[in-house]
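Single-structure report; data block below.
The values are calculated or read from the model by the stated rules, or taken from the named source; none is laboratory data. These numbers were taken from a predicted model, which means no experiment stands behind them. Methodologically, a virtual Cβ is constructed for each residue, glycine included, from the backbone with ideal geometry; neighbour enumeration extends over all protein chains shown.
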Amino acid sequence: MISLLELTKTYGRGADSVTVLDRLNFEVGAGEIFAVTGPSGAGKSTLAQCINLLERPTSGSVVVNGEDLSSLPEKRLRAARRRIGTVFQSASLLSRRTASENIALPLEYLGVTPGEIKARVGELIDRVGLGPKAHSYPFQLSGGQAQRVGIARALALRPAILLADEATSGLDPDTTSSVVELLKQLRTDLDLTVVFITHEMDTVRQIADSVARLERGQIVETGPLVDLLTDHGSPLGRALQPRRGFAAADDGAATWYVTYDSADVPGDWIQRVSADLAVPIHLLGASVETVHGINTGSATLGITARSDEAVQAVLARYGLSGTPDARREATAGGVPVSLVRSGAVPALEGAA
Amino acid sequence: MSAVVGGAIYVPRADVPVAELPALLLPAYGETVLMVGIVMAIVLVVGTPLGVLLHNVAPGGLFERPSLHAVLGWIISVGRSLPFLILMASIVPFTRFITGTNIGIAAAVVPMSLAGIAFFTRIVENALRSVPPSIVRVARASGGSNLQIMRSAQFGEAVPAVLGGLTIQVIAMIEYSAIAGTIGAGGIGYVAVTYGYQRFDNTVMLATILILVATVAFVQVAGDRLVRWVTPQKRLQRA
Ligand SMILES: Nc1ncnc2c1ncn2[C@@H]1O[C@H](COP(=O)(O)OP(=O)(O)OP(=O)(O)O)[C@@H](O)[C@H]1O
Ligand SMILES: [Mg+2]
């Protein structure tokens, strides 16, 4: 378990000083994956370095399993660092060491005997599924394999906390998914507390139990992933939704942006809404996925209805939330969506 | 050997016979190798830690000491900026204090070592600077002490660059040894100056040139091989 209490980091002194982290508070329980997102320059990497104690917080504390690590004297800091495993972007492997030798690094630093190192490294290599690559050098590994080495190295000293700063950034979607699955598996098996920092919303939806959004050094919104995704009033929830292009509605039809706003939206809701309104519904674009067993997502619909209120009322009946004129909504959401006719999602007749 | 003819110093063009060249050149070559060898040993032992220290007292290093960095950097720059001949001449009192003489191999080793240390310190510093900062962060996060980080992460990653620099350094030291030859330090440079230059002995001159070119070429090839050997990517992708 890890908690941050009023964590503040200021670089520089006096007039030139910049507060990069401003009184952050959050708590991540054992076995929980907590994602931190935010725009570039928000302070995510600074947060990572305060958590793994590479940087000292200016004030506030980082508490791991009840012990305040941030106030330790310099000498004991090194020992404290060993309780937090860090996975870095693009793995950062030593180029002249094999995968095994890279994983052995923290054990060597600790002064573990060669015999024990060999046994532990063998265990870790198998754990991350890299058996055949044990003696390969970093240049012989794919991005995903290198990242697995980085994960194994971070786990070498059996830390309670795993910290990942942009650990999947730069990997292709399939590789990202496999790394994410590995981390989820490890979390379950080792009861790890995971702080996962990324700017990729797709990855957050795949991995997180809870999410916080960091902006200009402050947490502007936080909550369980499912709650955020099913709350149409949440800017973070909206930002987490994938935004794709959608087809234009027919003349006379309004373009509706509809989000799943509850945990129990029926699977055949398009047909039901169409039947209730007694008008056909054109599906112009959609993105729906299951997160923690709950359907979440959004759809863009073309609806020719008498009144907006009627549509909204019917949508609400099925746990959905809708806004007419998706074009406006898309822009208000902060993510520009080009109005290209999408070939991938053809307009469908909703009602038979 | 020289005779006064009509008031001018006449140097006879009596080149050393080819058959006698080995007897003249081999001991001289041995002296050069000895001189460069001693100097390189001193340079490695002193210059390596000094370069690592210089890198880490710099801003962003493991133990920043900006003022120490400025002072060290300044001393090294001065050492690097003096032409070797001038450095050698200007520290004669110091050399005599250390070795009790100002001619011969021992006397040459002192200025060569000083110039060499300044040279190599910069090479090491430069090599360490090219190691990505993320590598050092990884090592710190892995619980390494400063000494461990310097050895395995910084220096370990910089080994190919250091060896590449070392090759350049050895070649520079061979050149310095020839310059030191002018103060009677012996070696191939001394032979080149006394026979080839002062006596216009073209045979000796040509022989020393060939030997120096061959030596430098050999050092370069050996250095390149070594760099290749310590760089996994180059070593394994040769086939
Ligand atoms: N050592 C430092 N000294 C001064 N300012 C710094 C330092 N490190 C970071 N900053 C500043 O802190 C702010 C946050 O940087 P940080 O690297 O934490 O952002 P980030 O959220 O990780 O961004 P990105 O998504 O681009 O990685 C930036 O404005 C940066 O300029
Ligand atoms: Mg960052």
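Scanning the range A:5-20 for residues that are in contact with a Lys or Arg (Cβ under 7 Å, 6 or more places away or on another chain) and over 15 Å from A:Gln49 (Cβ atoms) returns a single hit, A:Glu6. Evaluation of A:Ser90 against the conditions (1) at the interface with another protein chain (Cβ under 9 Å from one of its Cβ atoms); (2) closer than 30 Å to B:Thr231 by Cβ; (3) away from ligand 2 (no atom under 16 Å from the Cβ); (4) small (Gly, Ala, Ser) shows that the sole unmet condition is (3). Restricting to the range A:43-68, count the residues that are outside any helix (DSSP H, G or I), surrounded by fewer than 22 Cβ atoms within 10 Å (Cβ to Cβ) and within 16 Å of ligand 2 (Cβ to nearest atom). Counting residues in the range A:43-68 that are outside any helix (DSSP H, G or I), surrounded by fewer than 22 Cβ atoms within 10 Å (Cβ to Cβ) and within 16 Å of ligand 2 (Cβ to nearest atom) gives 2.
Looking only at residues in the range A:207-226 that are of a type in the set (Asp, Glu) and surrounded by fewer than 18 Cβ atoms within 10 Å (Cβ to Cβ), the one that is nearest to ligand 2 (Cβ to nearest atom) is A:Glu215.
The set of residues from the range A:4-37 being within 13 Å of ligand 1 (Cβ to nearest atom) and under 20 Å from A:Asp209 (Cα atoms) comprises A:Leu24, A:Val36, A:Thr37. So, A:Ser40, is that one in a loop (DSSP other than H, G, I, E, B), at pLDDT 90 or above and within 9 Å of ligand 1 (Cβ to nearest atom) or not? It is true that A:Ser40 is in a loop (DSSP other than H, G, I, E, B), at pLDDT 90 or above and within 9 Å of ligand 1 (Cβ to nearest atom). What are the residues in the range B:184-208 that are buried (at least 21 other Cβ atoms within 10 Å of the Cβ), more than 17 Å from the chain's Cα centre (by Cα) and either on the phi > 0 side of the Ramachandran plot or not in a helix (DSSP H, G or I) (or both), if any? Within the range B:184-208, just B:Asp201 meets the criteria.
Residues that are more than 10 Å from chain B (Cβ to nearest Cβ), surrounded by fewer than 23 Cβ atoms within 10 Å (Cβ to Cβ) and of a type in the set (A, V, I, L, M) within the range A:147-160 comprise A:Leu155, A:Ala160, listed in sequence order.
Taking the range B:43-60 as the range and being of a type in the set (A, V, I, L, M) and surrounded by fewer than 18 Cβ atoms within 10 Å (Cβ to Cβ) as the test, the residues that pass are B:Leu44, B:Val45, B:Val46. Here B:Ile149, B:Ile211, B:Ile168, B:Ile135 are screened, and the one residue that is in a helix (DSSP H, G or I), within 14 Å of another protein chain (Cβ to nearest Cβ), touching a residue at least 24 places away in the same chain (Cβ under 8 Å) and at negative phi is B:Ile149. Annotation: of all residues in the range A:35-52 being within 13 Å of chain B (Cβ to nearest Cβ) and under 18 Å from A:Leu192 (Cα atoms), the one that is nearest to the chain's Cα centre (by Cα) is A:Ala48.
Within the range A:2-37, restricting attention to residues that are part of a loop (DSSP other than H, G, I, E, B) and on the phi < 0 side of the Ramachandran plot, the residue that is nearest to ligand 2 (Cβ to nearest atom) is A:Ser17.
Okay, residues lined up against (1) in a helix (DSSP H, G or I); (2) modelled with pLDDT under 95; (3) of a type in the set (A, V, I, L, M):
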residue: B:Met88; (1), (2), (3): yes, yes, yes
residue: B:Asn102; (1), (2), (3): no, yes, no
residue: B:Val109; (1), (2), (3): yes, yes, yes
residue: B:Ile117; (1), (2), (3): yes, no, yes
residue: B:Phe120; (1), (2), (3): yes, no, no
residue: B:Ile123; (1), (2), (3): yes, no, yes
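Screening B:Gly79, B:Gly61 for residues that are part of a helix (DSSP H, G or I) and not aliphatic (A, V, I, L, M) leaves exactly one candidate, B:Gly79. In the range A:167-199, which residue that is over 20 Å from A:Gly31 (Cα atoms) and in contact (Cβ under 8 Å) with a residue 60 or more places away in the chain is farthest from the chain's Cα centre (by Cα)? Of everything passing the filter in the range A:167-199, A:Gly170 is farthest from the chain's Cα centre (by Cα). Cβ-Cβ distances below 8 Å connect the following pairs, each with a first residue in the range A:24-48 that is among the small types (Gly, Ala, Ser), a second residue that is part of a helix (DSSP H, G or I) and away from ligand 2 (no atom under 16 Å from the Cβ), and a separation of six or more residues or different chains: A:Gly31/A:Arg187; A:Gly31/A:Thr188; A:Ala35/A:Ile207; A:Ala35/A:Leu225.
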